[in-house]
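Notes follow the structure.
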Amino acid sequence: MATQTKASIVFAHGIWADGSCFQKLIPTLKAEGHDVMAAQYGLDTLKGDVDATIRTFARVSGPIVLVGHSYGGTVITHAGMDPRVAALVYIAALGPDETETSQSEQEKFPKTDAFNQIDVVDGRVWLKPNGGVACFAGDLSAEEQGVVYATHFAPAVDLFTQKLDGIAWRSKPSWYIVATEDRAVHPDLERFAAKRMGATTVELKSSHVPMLSQPRAVLDVIRDAVKSVMSSQRAA
């Protein structure tokens, strides 16, 4: 019998971030024998970000557990239509349906504090250095918040109004981490999205960045998704 290939992990980051936001997860997953890649993209267009994520799939072996944080949830909702993707994990993430954009999904819930702490300059949306970072990553140390600000990457001002076809969570199993102290994506939006997609759901008392503030708990959810994928592969 051929040796079973372990599931690979591909990460998709949100706005005000890049692939380094998964730095506390990647070493452990690699040590456990998984191929791991964090997609890097420019936050210029939704299509460009989805295409960049799909290109990353060629750098790992299948099946793939696709993990998205924040706006990365919109990215994996579309990129996850690729047949190499076997499961989806959403971390405090958006998960729009066919009729929604990232913005219209958010507009169904109260505006969060983070969006009162932004500067729009040269067509990009930046976090303010003090209040913005506190809303985004308030449960990290001052030193870590400083790194978050120094590495945060501003999206195009119209990124959240863009739309694509194909909703992967309608046909593929999903897991969802709700960050109950989130001040960037409303926790009630997260609960609504998780319920709508029928996701296996875990709630963490966390800011918007549980992968940085509670990496062990986030790793456990990813491991659960991997176990489910591998069990399905063995049964096939």
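Here are some notes:
- Considering helices alone, the calculated mean residue ellipticity of the chain at 222 nm is -10000 deg cm²/dmol, with DSSP H runs of length four and up weighted by -39500 (n - 2.57) and normalised per residue.
- Accessible surface for the chain, divided over its residues, is 43 Å² per residue with a 1.4 Å probe.
- Across all Cα pairs in the chain, the calculated P(r) in 5 Å bins from zero up to the longest distance comes to 1, 7, 15, 21, 21, 17, 10, 5, 2, 1, 0, 0 percent per bin.
- Loop GluC sites (Glu not before Pro), segment 75-145, which have at most 14 other Cβ atoms in a 10 Å radius of their Cβ (DSSP): E98, E107
- Intensity falloff of segment 113-236 expressed as log10 I(q)/I(0), Debye formula with alpha-carbon point scatterers, at q = 0.12, 0.19, 0.21 Å⁻¹: -0.57, -1.16, -1.25
- For segment 210-233 versus segment 141-180, the inter-centroid distance based on Cα atoms is 18 Å.
- Solvent-accessible area of the chain (1.4 angstrom probe, protein heavy atoms only): carbon and sulfur portion equals 52 percent.
- Note: relative contact order over segment 92-236, using C-alpha pairs below 8 Å and six or more positions apart, is 28 percent.
- Computed about its Cα centre, the charge dipole of the chain is approximately 800 debye, with only Lys, Arg, Asp and Glu carrying charge at their Cβ.
- The convex hull of the Cα atoms of segment 1-65, projected and averaged over all directions, covers 4.8 nm².
The values are calculated or read from the model by the stated rules, or taken from the named source; none is laboratory data. Quick caveat, the model's predicted, so the values are computed rather than measured. Glycine also receives a Cβ, built like all others from the backbone with ideal geometry; neighbour counts cover every protein chain displayed. Ligands, DNA and RNA are excluded from the accessible area calculation, which covers all protein heavy atoms including side chains. Shrake-Rupley method; radii C 1.70, N 1.55, O 1.52, S 1.80 Å.
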